Amino acid sequence: MEVRKASRILQRLGSAGRKVQSKSGRVPSDVPKGHLAVYVGIMEQTKRFVIPAQSVNHPLFRALLDKAEEQFGFGHQGPLLIPCDPLIFHNVLCLLRNNSKPEIEQLIMELQK
């Protein structure tokens, strides 16, 4: 089950470690190699983040992707949209960067409720 989910995520994002192309077919100039752009927010209030592609392998990020799958499904067309407050997502990225294990584990448990 976990392998299929990871496979779907990678199909959705393109190849991990490569830049994801925009609708025009061009690679956005602000997305460095090994990164991808995601949109975070709800409804009209979204913010774009450029994150390391390896982030999709982290359990906390996977929990966020599960929430996106629940809300949008994997048939969703367009950019990857994570239904989360952008400020909270920014804090998640800081936790991942600092490898704050207790806080990360707590957030994972809250997201899985």
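The values are calculated or read from the model by the stated rules, or taken from the named source; none is laboratory data. Remember, predicted model here, so these are calculated numbers, not experimental data. These accessible areas exclude ligands, DNA and RNA; they are computed on the full protein's heavy atoms, side chains included. Shrake-Rupley method; radii C 1.70, N 1.55, O 1.52, S 1.80 Å.
With protein chains left intact and a 1.4 Å probe, residues in the stretch 50-99 average 52 Å² of accessible area per residue. Counting lysine pairs in the stretch 24-113 whose alpha carbons fall under 23 angstrom apart, excluding pairs fewer than 8 residues apart on the same chain, gives 5. Counting protein heavy atoms only, the stretch 29-113 has 53 percent of its accessible area on carbon and sulfur, 1.4 angstrom probe. Quick one: accessible surface of residue 107, probe radius 1.4 Å, all protein chains present, in square angstrom to the nearest 10. Result for residue 107: roughly 40 Å² accessible.
Ligands, DNA and RNA aside, residue 105 has an accessible area near 110 Å² when probed at 1.4 Å.
Mind checking the full-extension length gain between residue 29 and residue 106? Use 0.36 nm per residue of separation minus the Cα-Cα distance, one decimal, nm. Spell out each step's value before the answer.
On the way: separation 77, 0.36 × 77 = 27.72 nm, distance 3.55 nm.
Taking residue 29 through residue 106 to full extension adds about 24.2 nm, to one decimal.
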